[in-house]
Amino acid sequence: MIDLRSDTVTKPSPAMREAMARAEVGDDVYGEDPTVNLLQNEVAALLGKEAALFVPSGTMANQIGIWAHTRPGDEVLVSQGAHCMIFESGAGAALSGVQFRTVGNPNGMVTAAEVDAAIHPDNPHYPPTQLVALENTHNRGGGRIAPQREIEAIAEVTRRRGIALHLDGARLWNVHAATKTPLPILTKPFDTVSVCLSKGLGAPVGSMLAGPRALISRAVRRRKMLGGGMRQAGVLAAAGRHAIAHNLSRLEGDHVNARSFATNIAQATGVELELGSVETNIVIWELATSVPFDAATFVARAKEKGLLLNAMGARKLRVVTHFDVSAADCKRAAEIAVAILNAA
């Protein structure tokens, strides 16, 4: 079975398992796990931030970030299709009492002018806009990379308007790999940044929230409140350290495989795909109206032939490459997809 549903499906390599087995551990709730502390210090330095916090999931990292910048009744501006609004089970409303409002275009890209125009004036009729949360790369946008110049312009707007800027950087590693932009430059415009260890980097568990030391100190208590206070978590942090040290350099191979898959299916009858949209490791395409079945049917037929992928809408499909699938796997996956369309 070729599994292209997500880059979360990777399994720890033997070397990663060995690193986990050898990890020195302590009680992280007391701040005494040496491997967790190493990971937090290393990621903070890697991202150019004062401090970082290890948490179980990307959802928790984003939601702590949202909580840290807002109060109940505040508004958060997000891109269309933002993960923190759509895929985090209503946590923003339930845990922080915030309201989301979208800006930008359908592929998840946002301009500074759009942000500036969307910020509410000081008026009791409106929820105060206190945070802008961007996503880079953008999942539902097909792994698109937000232009750094535009991000810097948005940061100028948020500073001028006195509101905070958070980055959902679950796949920020892919931006770094694709653009060769140093990570501290990518993160500098943001007050807080979340990054994921269990997507492209291949760790089994974990994300990081990075930002000012005082904010991260407050975030420790919020993590505990949300049930994320893990004890001898060094075995998990060791996987994250191994992933950063050994798998960050492998991400460009995932991008090559994604472009190869996209190129191989783009000419098939019934495929609507702009090749230029494939910038990293995600390929999203649509079934033309001439195809006599929907995305869910396509997914079921692909599974029968040994390919796992996800439907992202009535006629929209997604594959995500990762280091557990080879170039040959991706070529075979494209052949399966084309065969299904040809049979229709």
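The values are calculated or read from the model by the stated rules, or taken from the named source; none is laboratory data. Just so it is clear, the model here is predicted, and its values are computed rather than measured. No Cβ is skipped: glycine too gets one built from the backbone with ideal geometry, and neighbour counts run over all protein chains shown.
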Qualifying residue in segment 285-307 (condition: in contact with an Asp or Glu (Cβ under 8 Å, 6 or more places away or on another chain) and among the aromatic types (Phe, Trp, Tyr)): yes
Unmet criterion (only one of (1) on the phi > 0 side of the Ramachandran plot; (2) buried (at least 21 other Cβ atoms within 10 Å of the Cβ)) for Val76: (1)
Residue count for segment 10-30, restricted to those that are over 27 Å from the mean Cα position of the chain (by Cα) and part of a loop (DSSP other than H, G, I, E, B): 5
Top-ranked residue in segment 277-290 [being surrounded by 20 or more Cβ atoms within 10 Å (Cβ to Cβ) and of a type in the set (A, V, I, L, M); ranked as nearest to Thr321 (Cα to Cα)]: Ile282
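Yes/no matrix, rows are residues, columns are (1) farther than 20 Å from Ile282 by Cα; (2) of a type outside the set (Val, Ile, Thr); (3) modelled with pLDDT under 95:
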residue	(1), (2), (3)
Pro147	no, yes, no
Arg159	yes, yes, no
Trp173	no, yes, no
Thr187	yes, no, no
Val193	yes, no, no
Gly200	no, yes, yes
Asn123 in contact with a strand residue (DSSP E or B) (Cβ under 6 Å, 6 or more places away or on another chain) and either without any contact (Cβ under 8 Å) to a residue 12 or more places away in the chain or assigned to a loop (DSSP other than H, G, I, E, B) (or both): no
Gly90 being surrounded by fewer than 20 Cβ atoms within 10 Å (Cβ to Cβ) and either modelled with pLDDT under 95 or over 18 Å from the mean Cα position of the chain (by Cα) (or both): no
Identity of the residue in segment 203-229, aliphatic (A, V, I, L, M) and closer than 14 Å to Met20 by Cβ, that ends up surrounded by the fewest Cβ atoms within 10 Å (Cβ to Cβ): Val205
Enumeration of residues in segment 306-323 that are of a type outside the set (Ser, Thr, Tyr), assigned to a loop (DSSP other than H, G, I, E, B) and closer than 30 Å to Pro14 by Cβ: Gly306, Leu309, His322, Phe323
Test result for Pro106, at pLDDT below 95, more than 29 Å from Ile244 (Cβ to Cβ) and not β-branched (Val, Ile, Thr): yes
Among (1) modelled with pLDDT of 95 or more; (2) assigned to a loop (DSSP other than H, G, I, E, B), the one test that Glu286 misses: (2)
Segment 167-184, residues that are more than 14 Å from the chain's Cα centre (by Cα) and either without any contact (Cβ under 8 Å) to a residue 40 or more places away in the chain or not assigned by TED's automatic domain parsing to the domain that holds Gly229 (or both): Thr179, Lys180, Thr181, Pro182
Flag for Gly200 being buried (at least 24 other Cβ atoms within 10 Å of the Cβ) and at positive phi: no
Residue in segment 22-43 that is under 25 Å from Arg140 (Cβ atoms), crowded, with 18+ Cβ neighbours inside 10 Å, in contact (Cβ under 8 Å) with a residue 24 or more places away in the chain and among the hydrophobic types (A, V, I, L, M, F, W, C) present: no
Segment 324-340, subset among the acidic types (Asp, Glu) and assigned to a helix (DSSP H, G or I), residue nearest to the chain's Cα centre (by Cα): Asp329
Check on Gly306, not assigned by TED's automatic domain parsing to the domain that holds Tyr30 and not β-branched (Val, Ile, Thr): yes
Meets criteria (assigned to a strand (DSSP E or B) and either touching an Asp or Glu at 6+ places or on another chain (Cβ under 6 Å) or modelled with pLDDT of 95 or more (or both)) for Val78: yes
Qualifying positions in segment 27-52 - on the phi > 0 side of the Ramachandran plot and in contact with a Pro (Cβ under 8 Å, 6 or more places away or on another chain): Gly48
